[in-house]
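Heads up, the thing below is written out as structure tokens.
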Amino acid sequence: MQPANDEPETLRAQLQELRIEHRDLDEAIERLEAAPPHDELLLRRMKKRKLQLKDKIATIQHLLEPNQLA
């Protein structure tokens with residue numbers, strides 16, 4: 001999936017927002033796992049969203065720095 005706007009400033013802003021959301025989600029997952037009993041379905045959904053964010057972050061990073069080796 002490619003972001004809607006390929007302007008570097010816009011991509012950097014999107015990247016920053018995604019990183020913040022990814023970090024916040026990671027912290028929420030850790031809190032949920034640390035306080036049993038926890039909702040397994042919610043936990044799976046949160047982890048899936050975190051992986052989606054990671055993929056989007058990687059895509060935007062590649063768009064911003066296409067000459068680096070993966």
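Any read-out appearing in this document is the output of simple, stated calculations on the displayed coordinates, not a laboratory observation. Please read all numbers here as calculations on a predicted model, not as lab measurements. Counting neighbours? That spans all protein chains shown, and the Cβs are built from the backbone with ideal geometry, glycine included.
Ignoring everything except DSSP H segments at least 4 long, calculate the 222 nm mean residue ellipticity for the chain; use -39,500 (n - 2.57) per segment, divide by total residues, nearest 500. Mind showing how you got there, number by number?
Values: 2 runs with 52 residues, N = 70.
So the helix-based figure for the chain works out to -26500 deg cm²/dmol.
Provide the per-residue ³J(HN,Hα) series for the stretch 18-29, in order, calculated from phi with Karplus coefficients 6.51, -1.76, 1.60 and θ = phi - 60°, each as a whole number of Hz, with x at glycine and proline positions.
Karplus values, whole Hz, x for Gly and Pro: 5, 4, 5, 4, 4, 5, 4, 5, 4, 5, 5, 5.
Compute the helix-to-body angle for 40-64: its Cα long axis versus the longest principal axis of the chain, expressed 0 to 90° and rounded to tens.
Value to nearest ten degrees: 10.
Mind sorting Leu51, Leu15 by how few other Cβ atoms lie within 10 Å of their own Cβ, fewest first? Don't skip to the end; give the middle numbers.
On the way: Leu51 11, Leu15 18.
Listed from fewest to most nearby Cβ atoms, that is Leu51, Leu15.
Please name whichever of Pro66, Leu43, Gln14 sits farthest to the positive end of the charge dipole of the chain, dipole taken about the Cα centre and charges placed at Cβ: Lys and Arg +1, Asp and Glu -1.
Leu43
Computed from the coordinates I sent, Kirkwood radius over Cα pairs in Å equals one of (1) 13.3; (2) 18.3; (3) 14.2. Tell me the label.
Calculated Kirkwood radius over Cα pairs in Å: the matching label is (1).
Assigning unit charges at the beta carbon (Lys, Arg +1; Asp, Glu -1) and nothing else, what dipole magnitude in debye, to the nearest 20, does the stretch 8-63 show about its Cα centre?
Working: 12 positive and 11 negative charges, 44 e Å.
It comes to approximately 220 debye.
Over the stretch 5-70, calculate the relative contact order: mean separation of alpha carbon pairs under 8 Å at least 6 apart, over the residue count, as a percent.
Computed value for the stretch 5-70: 47 percent relative contact order.
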